[in-house]
Amino acid sequence: MAKRTTTEIKGQGARVLEKDLNRELANLNVLFIKLHNYHWFVKGPNFFSLHQKFEELYNKTQGFIDDYAEQMLAIKVQPLATMKDYLSVATIDEATGTEDKDEMVETLTADLEALSSQLLELVENLEDNKALSLADAVQDIARDYQQDAWMLRAYSGKE
Ligand SMILES: [Fe+2]
């Protein structure tokens, strides 16, 4: 399928989109740090598999963050770029530092489910504003995290 393109978004639609895009960029950044926290502090008999899975997820998230922010710049929407700003608008909570391995998996499952459904809402908003290339990129991220959420539920025996 041919890649869809986006032109600069102007007016009221641009302001609403900027807020929504930055909230999800903030969520991706909070998730990125949270995955490191869990990667470093996970303990127990599943250490090797979870340690590796969390690394795989933060590496993937890092790629999403860079591509997403650069696509925002391409349509002249300014991405937030400080931890202070991310924490002020993110809807995903940071790690508490007290989670055991089961709570880590449970929390990440909920985060990835919430994030993917918010990203899918954003896709509709982007399509309404004809930001089609960005809509496609965001949809790919949502699809990827939906699959990760399913794998984590399967890991927990909840599927
Ligand atoms: Fe590591």
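The values are calculated or read from the model by the stated rules, or taken from the named source; none is laboratory data. This one's a predicted model, so the numbers in the text were calculated from it and none came from an experiment. Reconstructed Cβ throughout: ideal geometry from the backbone, glycine too, with neighbour counts over all protein chains shown.
Does Gln52 fit the bill of being surrounded by 15 or more Cβ atoms within 10 Å (Cβ to Cβ) and in a helix (DSSP H, G or I)? Here the answer is no, as Gln52 does not meet what is asked.
Do we find a residue being within 25 Å of Phe47 (Cβ to Cβ) and under 17 Å from the mean Cα position of the chain (by Cα) anywhere in the range 81-92?
Pass one, the range 81-92, residues within 25 Å of Phe47 (Cβ to Cβ): 92.
Checking the rest, the ones that are also under 17 Å from the mean Cα position of the chain (by Cα) come to 92.
Taking every residue of the range 81-92 in turn, at least one turns out to be within 25 Å of Phe47 (Cβ to Cβ) and under 17 Å from the mean Cα position of the chain (by Cα).
Filtering the range 67-84 to residues that are farther than 20 Å from Asn37 by Cα and not in a loop (DSSP other than H, G, I, E, B) leaves Asp67, Tyr68, Ala69, Glu70, Gln71, Met72, Leu73, Ala74. Taking the condition closer than 24 Å to Leu134 by Cβ, within 16 Å of the chain's Cα centre (by Cα) and within 16 Å of the ligand (Cβ to nearest atom), does Lys34 pass? No, not satisfied.
I'd like the full set of residues that are within 24 Å of Leu50 (Cα to Cα), charged (D, E, K, R) and part of a helix (DSSP H, G or I), limited to the range 100-139. Listed by number, the residues that qualify are Lys101, Asp102, Glu103, Glu106, Asp111, Glu113.
One line per residue, one yes/no per condition, for (1) modelled with pLDDT of 95 or more; (2) within 16 Å of the ligand (Cβ to nearest atom):
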site	(1), (2)
Leu17	no, no
Leu25	yes, no
Trp40	yes, yes
Ser49	yes, yes
Val89	yes, no
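Specify which of the listed residues (Asn59, Asn29) is within 16 Å of the ligand (Cβ to nearest atom), modelled with pLDDT of 95 or more and farther than 15 Å from Leu122 by Cα. Steps first, please.
Working: Asn29 fails: within 16 Å of the ligand (Cβ to nearest atom).
Unique residue meeting the criteria: Asn59.
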